[in-house]
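Visitor: Next up is a structure, given as structure tokens.
The values are calculated or read from the model by the stated rules, or taken from the named source; none is laboratory data. Keep in mind the model is a prediction, meaning the values are calculated, not measured. Neighbour counts are summed over all protein chains in view; Cβ atoms, including those assigned to glycine, are modelled from backbone coordinates with ideal geometry. The area values use the complete protein model at the heavy-atom level, side chains included, leaving out ligands, DNA and RNA. Shrake-Rupley method; radii C 1.70, N 1.55, O 1.52, S 1.80 Å.
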Amino acid sequence: MLPALTEIILLSLQVSGIALLFSTIIGIPLGAIMGLHRFKGRKLVIALLYTGMGFPPVVVGLFVYILLSRSGFLGSLNWSFIPSLFTPGAMIIAQTIISFPLVAGFTMAAVMGVDPNLRQQVISLGATSRQAVWTVLMEAKVGVMVSIIAGFGGIISEVGAVMLVGGNIEGKTRVLTTAIVLETRKGNFDLALALGGVLLLLSFIANVAMLRLQGKAFDE
Amino acid sequence: MKTETLYSIKDLRKCYEERCILQLQHFEIFRGEILALVGPSGAGKSSLLRMLNFLETPTEGTIEFEGFTYHSGLEAPLEIRRRVTTVFQRPVLLNRSVWDNVAFGLELRGNRDAKGEIHSALEKVGLANLARQRARTLSGGEAQRVALARALVLKPDILLMDEPTANLDPANVTIIEQIAADLNKSSGTTLVLVTHNIFQAKRLAHRISFILEGQLIELGSNHDFFTSPKDLRTKAFIGGEMVY
């Protein structure tokens, strides 16, 4: 059981870790743009973002399933870099779609919470546009870190999407949440609870690590 | 004083949506002078200052600055922008130490080894003893002095000050005025000062311009402005008869 459990834990961390990385790469710049710039259609994008933040993972899973299936829009293209259904790649795509609106939405809120005059004053001190945006993000770093934590929390504990697009295949796409569902259905409540404990512990360790990364920001 | 033109403003208009708040036909700022822009709130003084710092573009007209012509839709090059900085009425300091706030502008320029300059700037504003303190724990007067130090350390050619002493106690007002005057005298830094306070303008400025409802009403030397104003509205403003 132990090697299998290790494999499940590692796959859970790998899938959610990579999805979180993609979500951060997409979500933080998107959140910064939404928070700092005013443009036509911004309200519509914000409404879509907020909708994305509350999107049921199982529905995201369904969309990704349809897209990646052989007759689906992406699956029918047969491009080598598009992952097939029931692979970790498909799970990463689904989790990225679940997570990036959370990262972007919370980043936007954090950036909007920074004094709007700061950016102008920083530019007056000789900052380039990029330096000014970076400075605002650094001022909002607690909120930005919360956005990443929220993004991670949204996917590490998610079961609907990974079950649909991953298929819970032993040794291939089985992660902690799908394993818990399986063991519960089999009546192995002790094992299911133990897996649940591992999931909670992983989530706790990841959050503490992220808080440590941002140094003393929470103490200020 | 030599009158070498630093800024030359021509047919300038600044409008926000339908509302035009500033219209200047011809206006010059000379190198090495202290120019005060006085006038009631909403006269367009701060908007002019933001354009002089290249933070906002004119809606129409031009600002000539040492061979560079600033006009609508144009972004000023970084090397031009970095010659000018502003001390704002309400400084927003970074959530860092006082020292790091003063070092910030230098870091933007890739200068991370300027301990002497930072210390000297903090000494000038009398805050060397608070260097390690978090900037957001400072009083209003101290925060404004940090804002002044972070501008001073950059050794700008032009320092713009937007109501730098509004709402400050007399001690802080004196310190800031003294530093501004010394900077102009010792380094020849051009100062443009926006103020409601005509007494402050009288104490500091070589020339004073009175702006009302976006129009330049009067521009003259400190002496002429106060002793022989040409416009009745200037007289009313100086005499405190203008309600604002």
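Visitor: Looking at region A:61-92, which of its residues are surrounded by fewer than 24 Cβ atoms within 10 Å (Cβ to Cβ), assigned to a helix (DSSP H, G or I) and within 20 Å of the chain's Cα centre (by Cα)?
Guide: Quick first cut of region A:61-92, residues surrounded by fewer than 24 Cβ atoms within 10 Å (Cβ to Cβ) only: A:62-63, A:65-89.
Then drop every residue that is not assigned to a helix (DSSP H, G or I), which leaves A:62-63, A:65-68, A:75-77, A:88-89.
Within region A:61-92, A:L62, A:F63, A:Y65, A:L67, A:L68, A:P88, A:G89 meet the criteria.
Visitor: Report, by residue number, each residue of region A:14-52 that is free of Cβ contacts under 8 Å to residues at least 24 places away in the same chain and surrounded by 21 or more Cβ atoms within 10 Å (Cβ to Cβ).
Guide: Passing the criteria: none in range.
Visitor: Within region A:123-149, how many residues turn out to be crowded, with 18+ Cβ neighbours inside 10 Å and more than 8 Å from chain B (Cβ to nearest Cβ)?
Guide: Total satisfying the criteria: 12.
Visitor: Oh, and also: Looking at B:I63, B:I118, which one is outside the structural domain of B:S187 (by TED's automatic domain parsing) and crowded, with 19+ Cβ neighbours inside 10 Å?
Guide: On the way: B:I63 fails: outside the structural domain of B:S187 (by TED's automatic domain parsing).
Residue meeting the stated conditions: B:I118.
Visitor: Let me ask another. Are any of the residues in region B:182-192 within 14 Å of chain A (Cβ to nearest Cβ), within 11 Å of the chain's Cα centre (by Cα) and modelled with pLDDT under 95? I'd like the intermediate steps shown before the answer.
Guide: Initial filter on region B:182-192 (within 14 Å of chain A (Cβ to nearest Cβ)): B:192.
Restricting the remaining residues to those that are within 11 Å of the chain's Cα centre (by Cα) gives B:192.
Cutting the leftovers down to modelled with pLDDT under 95 gives us none.
Looking for residues that are within 14 Å of chain A (Cβ to nearest Cβ), within 11 Å of the chain's Cα centre (by Cα) and modelled with pLDDT under 95, one finds none in region B:182-192, hence no.
Yes or no, residue by residue, for (1) within 25 Å of B:L152 (Cβ to Cβ); (2) in contact (Cβ under 8 Å) with a residue 40 or more places away in the chain; (3) within 14 Å of another protein chain (Cβ to nearest Cβ):
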residue	(1), (2), (3)
B:T3	no, no, no
B:E17	no, no, yes
B:C20	no, yes, no
B:H26	no, no, no
B:F54	yes, no, yes
B:T59	no, yes, no
B:E64	no, yes, no
B:H71	no, no, no
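Visitor: I'd like the residue in region B:87-102 that is assigned to a helix (DSSP H, G or I) and open to solvent by 10 Å² or more (accessible area, probe 1.4 Å) and, out of all such residues, is farthest from A:G126 (Cα to Cα).
Guide: Restricting attention to region B:87-102, the residues satisfying the condition of being assigned to a helix (DSSP H, G or I) are B:98-102.
The next check asks that each one be open to solvent by 10 Å² or more (accessible area, probe 1.4 Å); those that pass are B:99-100.
Details: B:W99: 18, B:D100: 16 Å.
Once the filter is applied, the top-ranked residue is B:W99.
Visitor: Please state which one of B:R207, B:R203 is open to solvent by less than 60 Å² (accessible area, probe 1.4 Å), of a type in the set (K, R) and in the same structural domain as B:T165 (by TED's automatic domain parsing). Walk me through it before giving the result.
Guide: Details: B:R203 fails: open to solvent by less than 60 Å² (accessible area, probe 1.4 Å).
Matching residue, one of B:R207, B:R203: B:R207.
Visitor: Give the residues of region B:83-129 that are within 13 Å of chain A (Cβ to nearest Cβ), out of contact with any strand residue (DSSP E or B) (no Cβ under 7 Å at 6 or more places or on another chain) and among the polar types (S, T, N, Q), sorted by residue number.
Guide: Answer for region B:83-129, where residues must be within 13 Å of chain A (Cβ to nearest Cβ), out of contact with any strand residue (DSSP E or B) (no Cβ under 7 Å at 6 or more places or on another chain) and among the polar types (S, T, N, Q): B:N95, B:N101, B:N111.
Visitor: A further question follows. What is the number of the single condition among (1) open to solvent by 20 Å² or more (accessible area, probe 1.4 Å); (2) of a type outside the set (S, T, N, Q); (3) under 18 Å from B:E28 (Cβ atoms); (4) over 17 Å from the mean Cα position of the chain (by Cα) that B:G240 does not meet?
Guide: (3)
Visitor: Quick check on region A:77-107: of everything there that is in contact with a Leu (Cβ under 7 Å, 6 or more places away or on another chain) and in contact (Cβ under 8 Å) with a residue 60 or more places away in the chain, which residue is farthest from B:P156 (Cα to Cα)?
Guide: A:L85
Visitor: Collect the residues in region B:130-139 that are open to solvent by less than 50 Å² (accessible area, probe 1.4 Å) and either assigned to a helix (DSSP H, G or I) or within 12 Å of another protein chain (Cβ to nearest Cβ) (or both), keeping them in residue-number order. Explain how you work it out, then say what you get.
Guide: Of the residues in region B:130-139, the ones open to solvent by less than 50 Å² (accessible area, probe 1.4 Å) are B:130-131, B:135, B:138.
Those that are open to solvent by less than 50 Å² (accessible area, probe 1.4 Å) and either assigned to a helix (DSSP H, G or I) or within 12 Å of another protein chain (Cβ to nearest Cβ) (or both): B:L130, B:A135.
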